[in-house]
Structures are given as C-alpha cells and as structure tokens.
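Below is one structure, written out as structure tokens, with a few remarks after it.
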Amino acid sequence: MAEEVLLMKGNEAIAHAAIRFGVDGYFGYPITPQSEVLETLAEQKPWETTGMVVVQAESEVAAINMVYGGAGTGKMVMTSSSSPGVSLKQEGISYLAGAELPCLIVNVMRGGPGLGTIQPSQADYFQTVKGGGHGDYKLIALAPASVQEMADFVGLAFDLAFKYRNPAIILADGVIGQMMEKVVLPEQRKRLTDEEVIARCPWAAHGKQEGRKINVITSLELDPSIMEKRNIHLQQKYAEIEANEVRYEEIDCEDAEYLIVAFGSCARIAQKAMELARAEGIKVGLLRPITLWPFPSKAIAERAKQVKGILTVELNAGQMVEDVQLAVECSIPVEHFGRLGGIVPDPDEVVAALKEKLIK
C-alpha cells in the first residue's frame, strides 16, 4: 500500500501519531505554542475509534497527576504543554521518575523567564536534562528537528519509556511545533488489551485479583537505608541508558576543521550556515544531538580531537554549551551563539558568529 503523505504542523503530528501508536490516554491543558496537540485530538475524537481517552484537565498540575494515575496501571499515557506549564508539572514529573513509571511528556518551548513570550525558545534545556524537579532523576529526552520526527518520536519515546520504566520527554521548540511540513504517519496500531498490559507490566497496579499479588505504586520510602538502595538502583538504570541509548546525527564532519553543535530548529539553521561557510572555504561540520539526555558526550569528545573549535547554536543564553564544554574537557575552544526573546537567527548570523568567536 502506498504511503500517505500529509501536510501538517508539528503539534498536529504529535496528536495524530499518538492516536496511531495506540496511546491509551492524553491529559493536557492548552497553552501557546502547543495548543494544537489538544485541539487536534479533540477534532479527531479518538475515543470513538481507538478508545483513547482525551481530557482537558483543570490545570497543568491536574494533568500530570492524571498521567501518574494512568501510568501506574501500565497504560500508555501522555501530556503536553509549553514552558510555564511544564514548570507547573515538575513535582509530578519527579514523582513519576521516583515511582519508575513510563509515560510521555511533550514540551513545545516558548521564551521566558516567567510568562515571557509565545515565540520559540530552547531555554528549557537545563530544566529538562538537569532535573527540573527535586531529587536525583533523569528523563529520556528526545529533540526533534522536523515534523516527521515529531511524529516518529512519539513511538520511540514510549518504546524507551517502557523499556526502562522511565518518563520520556519530547523537547521541541515553537518553530518545530508550529511549522508545516510533509509527514508520513505510522500505521494504526491497536491499543493493548488489559490482559496484554498486565503481561507487559507485571509491576503495575491492577487492583486485587485472584492469583496475583497487589502492586503498590509509590515514590515514598521512609526508611533511609531502603531509599538509598532505591536511588542506587535508579543511578544504575541511568548508567544503562547512557550506555545504550545515545542518538545523534553528524553531517559533513569527516573533513571538518570546525564543528557546530545544535538541536531542534537551530540544527536546521546551522546546517544551512554550514553550507554557506563551506562555500567560503571554511570546513564546518554539524553534530545534532537527538537525545539531549543521554547526551552524545563521547561523540563530541572524539570530534574535538579533529577540529579547531566548536560553536553551539541555541535559542537561549547558553545552556547546552556547558555539556559540550564538559565533553571536550577544555581541549579546544567552545563558544556559544544564541538569540533571545523569541528571535530566531538566520544562517548568516551563525556564520558571522563562527568567524568572530573561533576563526577571527
């Protein structure tokens, strides 16, 4: 059967992919620039076709706690929001991580701090990869750079979340959420039956049933010795994820003398900047982190042995640049270029920054 190619926004692709991947429940709250996720689900009415539950909660706090409840039963559940809304969800996200519950969170970033602007930003990088809530925990973080990846990463995020019993987040920015591109959606999958959910998630809470023990889902443990063991277990799990799930893309890095590191919409801008620089005889390569956590530190460290300097391009005041600096361990210069307040740079600005900060 021929693939159906559709034209839609990144936010719309998230919603359609959630239906196609057999998600059981979505709990969200409208906020620009991601409101089309909830709006599209409301238009599609998946409760009439797949049985997917769609709820506009009374608040972001309510939405993330609905996710906690659904995830505790082993169901595929998700939420989406934008920066201030995700800030409100941080306590619940920490609870989900502490209880080792798989779920998907989508953040289509806008500028801040505070209410800021509805224009795009990448300033939630620290919040996402350094732990926006309390405690020692990690989220599996995927950074799409196209509408197609917005759709594809829904399935990937759930696969990783259930593989490791860990919350996953799709960290997009307002450019990717609002832009329209061609996309091929996945084939429709059936939602798992209750029996299939129980088989996949023997740890989940399913109530008292004959022949099966009662599971209690909680992140609370008042015995410090047991709590320490639980934390050690989490750190061992995070080390396993770091060893097995790093994802990144390299473009024209083989002969590069300078390297640009960028994610999301900035990676697209940086790719054009790379082409402009090469037209001037400057050998530039691009490394695009796909997983922001686990971060491709080893790949960047390897390229640092080859290039003269690295420029990170971000829609923030300089956040991912710190992880790049840690990766190269001061072996070569690492500089940052970014725009703030929702202003998106053009490729010429990136080339100018490369020359000013690294080539001079």
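The values are calculated or read from the model by the stated rules, or taken from the named source; none is laboratory data. From a predicted model like this one, the values you see are computed outputs, not experimental measurements. As a convention, Cβ positions derive from the backbone with ideal geometry for all residues, glycine included, and neighbour counts pool all protein chains shown. Each accessible area value is taken on the protein alone, full model and side chains, heavy atoms only, with ligands, DNA and RNA left out. Shrake-Rupley method; radii C 1.70, N 1.55, O 1.52, S 1.80 Å.
Provide the three semi-axes, in whole Å and in decreasing order, of the ellipsoid equivalent to the stretch 6-58 as defined by the square roots of 5 times the Cα gyration tensor eigenvalues.
Values: eigenvalues 51, 43, 13 Å².
They are 16, 15, 8 Å, listed largest first.
The length gained on full extension between Gln188 and Gln56, counted as 0.36 nm times the residue separation minus their Cα-Cα distance, comes to 45.1 nm. Can you list the residues of the stretch 265-296 with backbone N under 20 Å from a point 7 Å past the Cα of Glu254, pointing along Cα to Cβ? Of the residues in the stretch 265-296, 271-272, 274-288 have backbone N under 20 Å from the label point off Glu254. Candidates Thr117, Tyr95, Val106 compared by Cα position along the dipole of the stretch 50-187: farthest toward the positive end lies Tyr95, with charges placed on Cβ.
Solvent-accessible surface of the stretch 1-93, taken per residue with a 1.4 Å probe and all protein chains present: 38 Å². Determine which residues of the stretch 155-191 fall in the zone a paramagnetic label at Val344 would reach in this model, i.e. backbone nitrogen under 17 Å from the point 7 Å along Cα→Cβ. What the label zone holds, given the 17 Å backbone N cut-off, is 171-183. Here the chain is scanned for GluC sites (Glu not before Pro) in DSSP loops (not H, G, I, E, B) that have at most 13 other Cβ atoms within 10 Å, and the longest stretch holding none of them is 59-186. Please work out the C-alpha center-to-center distance from the stretch 298-323 to the stretch 1-74 and express it in whole Å. About 34 Å separates the Cα centre of the stretch 298-323 from the one of the stretch 1-74.
Rounded, prolate or oblate: which one fits the stretch 76-213, using the alpha carbon gyration tensor with axes a ≥ b ≥ c (rounded when a/c is under 1.5, else prolate when a/b beats b/c, else oblate)? Don't skip to the end; give the middle numbers.
On the way: a/c = 2.72, a/b = 1.44, b/c = 1.88.
Cα axes put the stretch 76-213 in the oblate bin.
Of the trypsin sites (Lys or Arg not before Pro) found in the stretch 69-162, the ones in coil according to DSSP and having at most 15 other Cβ atoms within 10 Å of their Cβ are Lys130. Each Lys or Arg adds one and each Asp or Glu subtracts one; over the other residues with Cβ under 15 Å from the Cβ of Ile232, this totals -2. For mean projected area of the Cα convex hull in nm², the value computed from the atomic coordinates appears in the list [x] 19.8; [y] 18.2; [z] 15.7 under label [x]. Rank Val324, Val284, Gln306 by how far each Cα sits towards the positive end of the charge dipole of the stretch 201-337 (+1 on Lys, Arg Cβ; -1 on Asp, Glu Cβ) and give me just the farthest. Value: Val324. Put the Cα centre of the stretch 114-160 next to the Cα centre of the stretch 201-262 and the gap is 16 Å.
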